[in-house]
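As structure tokens, the structure follows; a few thoughts come after it.
The values are calculated or read from the model by the stated rules, or taken from the named source; none is laboratory data. Just so it is clear, the model here is predicted, and its values are computed rather than measured. Glycine also receives a Cβ, built like all others from the backbone with ideal geometry; neighbour counts cover every protein chain displayed.
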Amino acid sequence: MKHILFALMLGLAPLAVTAGEAQPTNNDPALEKRVMALSAELRCLVCQNQSLADSHAELAIDLRNEVRDMMKSGKSDAEVVDYLVARYGDFVRYRPPMNTTTALLWFGPLILAVIGAGVLFFNLMKRRRRVAETALTDEERKRAAALLNDGAGETKA
Amino acid sequence: MLRLRFLLPLGIFLVVVGFFFVTLRQPEGTREALPSPLINKAAPDFRLAQLHEPNQFFTPADARGKVWLLNVWASWCVSCRQEHPVLMELSRAGLVPIYGLNYKDKREDSANWLAQFGNPYVLSAVDGDGRVGIDYGVYGAPETYVIDKKGVIRYKHIGPVSADALNNKILPLVQELEKS
């Protein structure tokens, strides 16, 4: 009897082992969608120009599993991001937060636009002044009138 | 007279060249190295089985009171082999204890690796699934942490430790931390 029980337990052992393995990913489509959506916002640290969702690097797979586990245990997206930022830094986020080191990144384009608009405005003002200041002499006025009245007149001369 | 505004494109060009010059002259690996948010924070706690004594555990508290290095390594990691002679020499010199974090490796592979190349570690803690690695922000072995007497991470070196990095950065820092 003892032996049979032992054999039975031995036979059941593999089931206990597999129970702890990662579940198939299509188990919960809603969760999986959430994992992939958030992963697309996170950078893979190994291949730094890929998102966690794109990457097949082993660390990316581990981190996706970590994200999935945290979501399963009821953590919000923000909590998951905070968890990763605490370990890997802001670099892990594709949308960098605003702080002193990223201020130039955020405001750089705006500063450039302001400078561009300033230069444009300045040049336009300068041109307008120049146009306003240019008065015609009597001679030029006569020539202009001739050209306007009789297109052929001046060009033949 | 050459007008100043015609020199502007040249100026911009020189600035760009300057950026390239500085970036491209950095030694290999440091360009991709990310600053760790864990610097000056307490080293994350863990309790892992030791490689050579599977029944005994290691936790960072065990190293409390001394300045130590935590070196993340694995037998599959090619760059670990590159830094290995440097660690061996450091271990022989006895300047600072090196603890290994054996990252996502098979026990027998790790043991064989150390038997073959030599063991610079006081002990290695086995992080089979890489969970502790995630807590430490590990994103590629080898990585080396300098941890002070109070268990605070003071420095992180990403990539193989070169003799240069050891002598110019890590050891001076260790000496400074020893004093405090």
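For region B:74-143, please list each of the helices (runs of 4 or more DSSP H) lying entirely inside it that holds at least 1 residues being away from chain A (no Cβ under 14 Å).
Result: B:78-93, B:107-117.
Take the residues of region B:114-160 that are more than 15 Å from B:Thr59 (Cα to Cα) and of a type in the set (S, T, N, Q): which is surrounded by the fewest Cβ atoms within 10 Å (Cβ to Cβ)?
Of everything passing the filter in region B:114-160, B:Gln116 is surrounded by the fewest Cβ atoms within 10 Å (Cβ to Cβ).
Within region B:68-84, can one find any residue that is over 23 Å from B:Glu53 (Cβ atoms) and either acidic (Asp, Glu) or crowded, with 21+ Cβ neighbours inside 10 Å (or both)?
yes
Considering only region A:46-157, give the helices (runs of 4 or more DSSP H) lying wholly within it that have at least 3 residues that are within 14 Å of chain B (Cβ to nearest Cβ), touching a residue at least 40 places away in the same chain (Cβ under 8 Å) and surrounded by 14 or more Cβ atoms within 10 Å (Cβ to Cβ).
So the answer is A:77-88.
Which of the following residues is within 25 Å of B:Ala74 (Cα to Cα) and of a type in the set (Ser, Thr, Tyr): A:Ser55, A:Ser76?
A:Ser55
Of everything in region A:7-45 that's assigned to a loop (DSSP other than H, G, I, E, B) and modelled with pLDDT of 60 or more, which residue is surrounded by the fewest Cβ atoms within 10 Å (Cβ to Cβ)?
A:Ala40
Within region B:104-113, is even one residue surrounded by 15 or more Cβ atoms within 10 Å (Cβ to Cβ), over 18 Å from B:Pro85 (Cβ atoms) and among the aromatic types (Phe, Trp, Tyr)?
No, because not a single residue in region B:104-113 is surrounded by 15 or more Cβ atoms within 10 Å (Cβ to Cβ), over 18 Å from B:Pro85 (Cβ atoms) and among the aromatic types (Phe, Trp, Tyr).
Please specify each residue of region B:37-73 satisfying the condition of being within 14 Å of chain A (Cβ to nearest Cβ) and farther than 27 Å from B:Ala165 by Cα.
Hit for region B:37-73 is B:Phe46, nothing else.
Here are some conditions: (1) part of a helix (DSSP H, G or I); (2) surrounded by fewer than 18 Cβ atoms within 10 Å (Cβ to Cβ). B:Ile170 meets all but one. Which one does it not meet?
The one condition B:Ile170 does not meet is (2).
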